[in-house]
Structures are given as C-alpha cells and as structure tokens.
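One structure below.
The values are calculated or read from the model by the stated rules, or taken from the named source; none is laboratory data. Please read all numbers here as calculations on a predicted model, not as lab measurements. Backbone-built Cβ (ideal geometry, glycine too); neighbour counts: all protein chains shown. Note: accessible area is taken over every heavy atom of the protein model, side chains too, but ligands, DNA and RNA are not part of it. Shrake-Rupley method; radii C 1.70, N 1.55, O 1.52, S 1.80 Å.
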Amino acid sequence: MPRTAKARWLIAVVVALCVVVGALVWWSKRDAAPYALRDTPEVHLTVRAATSAYPEAEEVAREAELVLKVYVQRLRDGDAEDLADLGAPWYTGREAAARGLISKFGAEADRPVQALVADPVTPGLASVELRFENDSSQTLDLTRDDGVWWLAIGDGDPVRP
C-alpha cells in the first residue's frame, strides 16, 4: 500500500474515532428529562426515601427528586399546561387533571413540602407522599420510561402501552 493511501486510511480512522467519542460524550452528558427546574419561583422541597431494607428506595428518591421539585414549582406557578407537561405522555386528560391539582394543592406549594418516596414494589413505578405544612398530604404515582420519571396524572396505564 502506498504511503499516501496508508496516511489517508489512518486519518479516516482517527476522524471516525473522534466522531464516535464525541457522540458518546454528548450522549452521556445530555439530560434525559425533557423538563427542568426554573429559577423562579423558589421551591422548598425535602425528598427522602421511606425506611426500607432495599437500596432501590434511596435510588428512586434520588432519581425522582427533579420531577418532584418541578411538580411543586409548577403547582406554585399555577400553570396547568406546564404542570400537564410533567404527566406521562401516553396519558390523556393531563391538563384537566393538572387544573384540579392546582386548585387543590397550589396554595400549599408556597410553603415547605416534604416528599416521602415509598419503597418501590415494581421497577419503573413509584409512589410518593407529599406532606404540606398545613398537615394535608397528597399521594403521587410516578412512572418511568426510558430513564425519565413522569407523573401519572390524567387517565392511562402506568406501564407504557
């Protein structure tokens, strides 16, 4: 093989490796969740796992913390459309359900909230009890799809059909 052909082949391999490594770095750094916490309003939420003999409870509490904080923030905002966006995409009636949640719990989101993540019985499903300062509480069901935790609000099957 002539020297120039070897050099071209080597350059092509190096470029291909750089592209592959770049894609892997981008893929690992991206945020899988299609939702994010905004700067305002401020959220006062403490998330903890229920006492459990299994390590999954702590893991689920860590993984679900973002969606829970965003949920409390959207409750506080009072925007049903933004809150509905946290609902599992395969559920129907999310916006109507979000309006109901805002009217029932929106005022409570102004004060500190505690979230107790129950010991998961089934992988990909979780139950969370939100405890508000006025001694009221709310139970949220969460479902996971492709590494993203969603709220089970509206009508649908918690396991993606």
| remark: Among strands (runs of 3 or more DSSP E) entirely within region 50-145, at least 3 residues that are of a type in the set (S, T, Y) and either at negative phi or touching a helix residue (DSSP H, G or I) at 6+ places or on another chain (Cβ under 8 Å) (or both) occur in 137-145
| task | Take L86 and decide whether it is under 18 Å from P34 (Cα atoms) and either aliphatic (A, V, I, L, M) or open to solvent by 10 Å² or more (accessible area, probe 1.4 Å) (or both). | result | yes
| query | Looking at region 24-43, which of the residues that are exposed (fewer than 13 other Cβ atoms within 10 Å of the Cβ) and among the small types (G, A, S) is modelled with the highest pLDDT? | reply | A36
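Let me confirm something: among S103, S136, S127, which residue is surrounded by 15 or more Cβ atoms within 10 Å (Cβ to Cβ) and of a type in the set (S, T, N, Q)?
Only one candidate qualifies: S127.
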| Contacts under 8 angstrom Cβ, first residue in region 85-114 being touching a residue at least 40 places away in the same chain (Cβ under 8 Å) and farther than 21 Å from D135 by Cβ, partner outside any helix (DSSP H, G or I) and among the basic types (K, R), 6 or more apart | A88/R160; W90/R160
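Filter region 109-123 down to residues that are at pLDDT 90 or above and farther than 14 Å from T139 by Cα and give me whichever is least open to solvent (accessible area, probe 1.4 Å).
The extreme case among them is A109.
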| Do we find that R76 is open to solvent by 60 Å² or more (accessible area, probe 1.4 Å), in contact (Cβ under 8 Å) with a residue 24 or more places away in the chain and of a type outside the set (A, V, I, L, M) in this structure? | yes
| message | Of everything in region 50-67, what is farther than 22 Å from A32 by Cα and surrounded by 15 or more Cβ atoms within 10 Å (Cβ to Cβ)? Give them in sequence order. | response | A50, S52
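In region 146-161, what residues are open to solvent by 40 Å² or more (accessible area, probe 1.4 Å) and assigned to a loop (DSSP other than H, G, I, E, B)? Talk me through it step by step, then tell me what you get.
First, the residues of region 146-161 that are open to solvent by 40 Å² or more (accessible area, probe 1.4 Å): 146-147, 155-161.
Once the filter is applied, which keeps residues that are open to solvent by 40 Å² or more (accessible area, probe 1.4 Å) and assigned to a loop (DSSP other than H, G, I, E, B), region 146-161 yields D146, G147, G156, D157, P158, V159, R160, P161.
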